[in-house]
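Engineer: Have a look at this one before I ask anything.
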Amino acid sequence: MRDIVRDVVADVAVDELPLVDGLFRFDDATVVRRLSGRGRRREPLGFGWGEVMVLVTPVVWLTVDQAARRAADVIVEGSAQRTTAALRRVFRRRPAPVAVPPLTREQLAQVREQVLEAAGERGISERRAKEIADAVVARLALAGASDPPQEPDPPADGGAPSRD
């Protein structure tokens, strides 16, 4: 997920890369909590919260995180997630980074709408919101298409492939 966020921000808001790189020192749950404003006790990023609201980074990070979690919910049952969370608390391990599974066309369309909505809520112009949404969807589509190629099956007769 982090690579997707960084690639999109590099594409549409290169001036925000220091912010993204600074957020990489935190786990994904902490970044989402800070960017969404939940659990805010002080200014977590070193500047006024109002300034964050017009940035592209929160729109991209929060939307990609939400898409990844929604897709993972379809794949993993809730009880398995609760068991993993309980074990993580027992062993006090940091949560694994959020991974974005390949998304369907319908899911990509839903992500695009979520980016447009989130950008609009943060006062980003419609033109800029479409640019951001298109970049997010393109990067997510590329992530799903970048699965490593499968090795060909060995010949059924067990012999070496022919050189015709």
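Engineer: Pulled fully out, how much extra length does the chain show between Thr30 and Glu121, if you take 0.36 nm times their separation in residues and subtract their Cα-Cα distance?
Structural biologist: Answer, rounded to one decimal: 30.6 nm.
Engineer: Obtain the nm distance between the two label points defined at Arg128 and Arg70 by a simple spin-label model: each point lies 7 Å from its Cα along the Cα-to-C-beta direction.
Structural biologist: A separation of 2.4 nm, rounded to one decimal place.
Just so you know, all these numbers are worked out from the coordinates, no wet-lab data involved. Since we're looking at a predicted model, the values are computed, not measured. All Cβ positions, even for glycine, are placed from backbone atoms using ideal geometry, and neighbour counts span all protein chains on display.
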